[in-house]
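Enquirer: Sharing a structure here in structure tokens format.
The values are calculated or read from the model by the stated rules, or taken from the named source; none is laboratory data. A quick note: this is a predicted structure, and the numbers were derived from the prediction, not measured. Cβ sites come from the backbone with ideal geometry, for glycine too, and all protein chains shown count toward neighbours.
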Amino acid sequence: MDFKMRVDIIQRLFRCFRSDLHTSCQWHFGSKQQINDNNLSNVNRPNPLNHSCNTMLSRLAPKSDWDKPSPVYAFLTSPIAFAARTMYYTSLALQVKPEPAIPHSIRVICLSDTHTQIPAKVPLGDLLIHAGDMCNFGDVTELQAQIDWLKSLPHKHKVVISGNHDVYLDPRSRRTLPHANKQFGTLDWGNIHYLLHHEVTLTFPEHGGRRLKVYGAPQVPIPKAPEGPEHAFRYDRGDDAWSETVPSGVDILITHTPPRWHKDLPVGLGCEWLLKEIWRVRPRLHVFGHIHADPGAETVLWDTCQVGYERICMRCSKGLLAGLLNPPNWIDLTLLCLRSLRNLAWSRLWGGETSEASTMVNAALMSQETGKLVREPQVIVI
């Protein structure tokens, strides 16, 4: 799509928005005499401009909620959230400095969403984490094949949780499997720590006897397009499945779903209650997967910029008008800009250090477009 076409689309969409806003104002603020039968017939008449805008938007829209939208589509559907996201992550990238090497540092290898496939290369490290979705169908055969592969890797410590495609590991979804795959107790985990709502403390004698407390939980919110009962560890979107569930003092948190708005898609497929819980716990490292279209790592500083960014995204998730016509959004966006400039000056001009930081890693290896493992595992040093 060339530049002129993009400009034309933006102009038409804003003309459409202005027309709809004018009609809305007539309804809400006009007198009864102004809204006569002729007005009503005009309001109810199909607007060809609206139809044209909707057609153009549908052409720009991603194939599904699980695909990453183009920047143009993200801007047109939620300009306030797009501005907040751009400002927040640009500021974060400019102010976060590489951490200096610490003695006895530990290499953590993070992967997720392998879906029965085996990556061509897994880097060496001290701790290997798989954040769920080892399978597609989720039966014992698929699970054991992935477990056997993980057991064969040379990493001293290995920690695994389930994902929504690991059907056998959830007694509720296990009922959807054929009878031959319902027998319990046939999985051989070997030297792997399988975490299901509990924690394990790992010791690293070769790294000065350092100890890391790791907690894992697999539950995921049901997406906007409901899935069948064959998916494991699901809960209704909006339900609180996280508050006070993660032990305090956890160094590494492993979940399958991301926290909402972080290494998540703009539609917000992650969980807002998980986000609230990690604000309470603030683990040094949070590893997850589930969202194939936005892998990678980001640093969070637990500061007022992050608070503003998350509040804007939450309000804008209720619709275009709810985002644009909400005064607190404009206040938060202004404060986000000012605080970002302040933080940049503090870190870059005056050499200030951040007091607290955590790393969030979306470790999904599967490509949303091709269905193949096109990414390498993430390597995090803590």
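Enquirer: Only one of ALA83, ALA131 is at pLDDT 95 or above and more than 20 Å from VAL287 (Cα to Cα); which?
Expert: Values: ALA131 fails: more than 20 Å from VAL287 (Cα to Cα).
That would be ALA83, the only listed residue that is at pLDDT 95 or above and more than 20 Å from VAL287 (Cα to Cα).
Enquirer: Report yes if ALA74 is surrounded by 19 or more Cβ atoms within 10 Å (Cβ to Cβ) and in a helix (DSSP H, G or I), otherwise no.
Expert: Numbers: surrounded by 19 or more Cβ atoms within 10 Å (Cβ to Cβ): yes; in a helix (DSSP H, G or I): yes.
When the stated conditions are applied, ALA74 passes them.
Enquirer: Can I ask one more? Which of the residues that make up the range 117-142 are under 17 Å from HIS290 (Cα atoms) and buried (at least 18 other Cβ atoms within 10 Å of the Cβ)?
Expert: Scanning the range 117-142 gives ILE129, HIS130, ALA131, GLY132, ASP133, MET134, CYS135, GLY138.
Enquirer: Would you say TRP302 is aromatic (Phe, Trp, Tyr) and within 25 Å of TYR194 (Cα to Cα)?
Expert: It is false that TRP302 is aromatic (Phe, Trp, Tyr) and within 25 Å of TYR194 (Cα to Cα).
Enquirer: Please enumerate the residues belonging to the range 259-279 that are over 15 Å from PRO221 (Cα atoms) and either without any contact (Cβ under 8 Å) to a residue 24 or more places away in the chain or touching a His at 6+ places or on another chain (Cβ under 9 Å) (or both).
Expert: HIS262, ILE278, TRP279, listed by residue number.
Enquirer: Taking the stated definitions as given, is VAL96 surrounded by 14 or more Cβ atoms within 10 Å (Cβ to Cβ), out of contact with any Cys (no Cβ under 7 Å at 6 or more places or on another chain) and modelled with pLDDT of 90 or more? Steps first, please.
Expert: On the way: surrounded by 14 or more Cβ atoms within 10 Å (Cβ to Cβ): yes; out of contact with any Cys (no Cβ under 7 Å at 6 or more places or on another chain): yes; modelled with pLDDT of 90 or more: no.
It is false that VAL96 is surrounded by 14 or more Cβ atoms within 10 Å (Cβ to Cβ), out of contact with any Cys (no Cβ under 7 Å at 6 or more places or on another chain) and modelled with pLDDT of 90 or more.
Enquirer: Can you name the number of the only condition in (1) under 18 Å from the mean Cα position of the chain (by Cα); (2) closer than 30 Å to ILE254 by Cβ; (3) of a type in the set (Lys, Arg) that LYS372 fails?
Expert: Condition (1) is where LYS372 drops out.
Enquirer: Those residues that are part of a strand (DSSP E or B), in contact (Cβ under 8 Å) with a residue 24 or more places away in the chain and not aliphatic (A, V, I, L, M), I need them from the range 190-215; list them, please. Steps first, answer last, please.
Expert: First, pick out the residues of the range 190-215 that are part of a strand (DSSP E or B): 192-194, 198-204, 210-215.
Next cut, in contact (Cβ under 8 Å) with a residue 24 or more places away in the chain only: 192-194, 199-200, 202, 204, 210, 212-215.
Scanning the range 190-215 gives HIS193, TYR194, GLU199, PHE204, ARG210, LYS213, TYR215.
So that you can scan it fast, the table gives a plain yes or no per residue for (1) closer than 30 Å to ILE382 by Cβ; (2) aromatic (Phe, Trp, Tyr); (3) under 16 Å from the mean Cα position of the chain (by Cα):
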{"residue": "GLU298", "(1), (2), (3)": "yes, no, yes"}
{"residue": "CYS305", "(1), (2), (3)": "yes, no, no"}
{"residue": "ARG311", "(1), (2), (3)": "yes, no, yes"}
{"residue": "SER317", "(1), (2), (3)": "no, no, yes"}
{"residue": "LEU321", "(1), (2), (3)": "no, no, no"}
{"residue": "PRO327", "(1), (2), (3)": "no, no, no"}
{"residue": "ILE331", "(1), (2), (3)": "no, no, no"}
{"residue": "THR334", "(1), (2), (3)": "no, no, no"}
{"residue": "ARG339", "(1), (2), (3)": "yes, no, no"}
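Enquirer: Could you figure out which of (1) out of contact with any helix residue (DSSP H, G or I) (no Cβ under 6 Å at 6 or more places or on another chain); (2) part of a helix (DSSP H, G or I); (3) surrounded by 20 or more Cβ atoms within 10 Å (Cβ to Cβ) isn't true of ILE291?
Expert: Exception for ILE291: condition (2).
Enquirer: Separate question: Cβ-Cβ below 6 Å, separation at least six or inter-chain, first residue in the range 148-167 and in contact (Cβ under 8 Å) with a residue 40 or more places away in the chain and under 23 Å from HIS231 (Cα atoms), second in a loop (DSSP other than H, G, I, E, B) and charged (D, E, K, R): which pairs?
Expert: GLY163/ASP133; HIS165/ASP133; VAL167/GLU230
Enquirer: Pull up the range 349-366, narrow it to residues that are more than 30 Å from VAL250 (Cβ to Cβ) and outside any helix (DSSP H, G or I), then point me to the one that is farthest from the chain's Cα centre (by Cα). Step through it out loud before you land on a result.
Expert: So in the range 349-366, the residues more than 30 Å from VAL250 (Cβ to Cβ) come out as 349-351.
Pick out the ones that are also outside any helix (DSSP H, G or I) and you get 350-351.
Numbers: TRP350: 33, GLY351: 31 Å.
Among residues in the range 349-366 that are more than 30 Å from VAL250 (Cβ to Cβ) and outside any helix (DSSP H, G or I), the one farthest from the chain's Cα centre (by Cα) is TRP350.
Enquirer: Do we have any residue at all in the range 297-311 that's out of contact with any helix residue (DSSP H, G or I) (no Cβ under 8 Å at 6 or more places or on another chain), in the same structural domain as ASP133 (by TED's automatic domain parsing), surrounded by fewer than 21 Cβ atoms within 10 Å (Cβ to Cβ) and closer than 28 Å to CYS135 by Cα? Break it down into steps so the answer makes sense when it comes.
Expert: So in the range 297-311, the residues out of contact with any helix residue (DSSP H, G or I) (no Cβ under 8 Å at 6 or more places or on another chain) come out as 297, 307.
Of the ones still in play, those that are also in the same structural domain as ASP133 (by TED's automatic domain parsing) are 297.
After this cut, where a residue has to be surrounded by fewer than 21 Cβ atoms within 10 Å (Cβ to Cβ) as well, the list is 297.
Adding the requirement that they be closer than 28 Å to CYS135 by Cα leaves 297.
Checked the range 297-311: at least one residue is out of contact with any helix residue (DSSP H, G or I) (no Cβ under 8 Å at 6 or more places or on another chain), in the same structural domain as ASP133 (by TED's automatic domain parsing), surrounded by fewer than 21 Cβ atoms within 10 Å (Cβ to Cβ) and closer than 28 Å to CYS135 by Cα.
Enquirer: Please state which one of LEU320, LEU324, LEU336 is surrounded by fewer than 16 Cβ atoms within 10 Å (Cβ to Cβ), within 24 Å of PRO71 (Cβ to Cβ), touching a residue at least 60 places away in the same chain (Cβ under 8 Å) and not assigned by TED's automatic domain parsing to the domain that holds HIS197. Don't jump to the end; show me each part of the working.
Expert: Values: LEU320 fails: surrounded by fewer than 16 Cβ atoms within 10 Å (Cβ to Cβ); LEU336 fails: surrounded by fewer than 16 Cβ atoms within 10 Å (Cβ to Cβ).
When all the criteria are applied, what remains is LEU324.
Enquirer: Quick one: GLY228 ticks every box in (1) modelled with pLDDT of 95 or more; (2) more than 18 Å from the chain's Cα centre (by Cα) bar one, so which box is it?
Expert: All conditions are met except number (1).
This table checks each residue for (1) among the aliphatic types (A, V, I, L, M); (2) more than 30 Å from LYS121 (Cβ to Cβ); (3) at pLDDT 95 or above; (4) not in a loop (DSSP other than H, G, I, E, B).
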site	(1), (2), (3), (4)
ARG280	no, yes, yes, yes
PRO283	no, no, yes, no
THR299	no, no, no, yes
GLY308	no, yes, yes, yes
PRO328	no, yes, no, yes
SER347	no, yes, no, yes
GLN368	no, no, no, no
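Enquirer: Another question, then. Given the conditions (1) modelled with pLDDT of 90 or more; (2) over 26 Å from ASN362 (Cβ atoms); (3) not in a strand (DSSP E or B), which single one is not true for ARG237?
Expert: (2)
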